[in-house]
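A short reminder: the numbers here are calculations on the coordinates, not readings from a lab. Because the structure is a prediction, the values reported are computed rather than measured. Don't worry about glycine lacking a Cβ; one is built from the backbone with ideal geometry, like all the others, and counts go over all protein chains shown.
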Amino acid sequence: MNLRALCWMATGLFLGLGGMLLWDRFSPPRVEWSSDLEGAQERAKDAGRPVLALFASSSGLGEGVLTERSVLDALNFRVIPLRLDPGQEEDLAGSLEVAGLPAWRLLDEQGHEISRRDGVLDADALVAWLKESAVAIPSEAKAMEGFTRP
């Protein structure tokens, strides 16, 4: 193999790795939604954060709100996100008085309701609600502890 081919291979490898690092750094964060209440409650206990239970059908939410940066940050650092289908979780939906969709319930680690919202929320309303419920939510500094933004 000649030197020119070796240089092209090294350059390609360098550019590929650089592209992957840039993609990881600048791509929007993702939210890992749980569908298991008990698991979410365990994570809430460990993290010292409440559970945000979202009861929604697969098509009726207006998913755009869940892709906005402020909402992603709130979901990743303020709460443990839990997405439930009310048809499959009828007992829980009934106990939390879910009448329409979407229904948002903020729960402590034992599953007791802290706060609620019903209906489609825009990004500002959702983030403001999570911030106003700060009595049960740790301070942003604690929620962000150990996190360094790229």
Exercise. What ranking, highest mean first, results for peptides 40-50, 111-121, 73-83 when packing means the other Cβ atoms within 10 Å averaged over each residue?
Worked result: 73-83, 40-50, 111-121
Seminar exercise, completed: Interchain or sequence-distant (5+) residues whose placed amide H lies within less than 5 Å of the amide H of I114 are L106, L107, D108
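How charged is the neighbourhood of L84? Take every other residue with its Cβ under 10 Å from the Cβ of L84, and add Lys/Arg as +1 and Asp/Glu as -1. Could you put the intermediate results ahead of the total?
Numbers: positive: R83, R105; negative: D36, D85, E89.
Within the 10 Å Cβ shell, the charges total -1.
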Seminar exercise, completed: Here, R4 and S95, labelled 7 Å along Cα→Cβ, have an inter-label distance in nm of 7.3
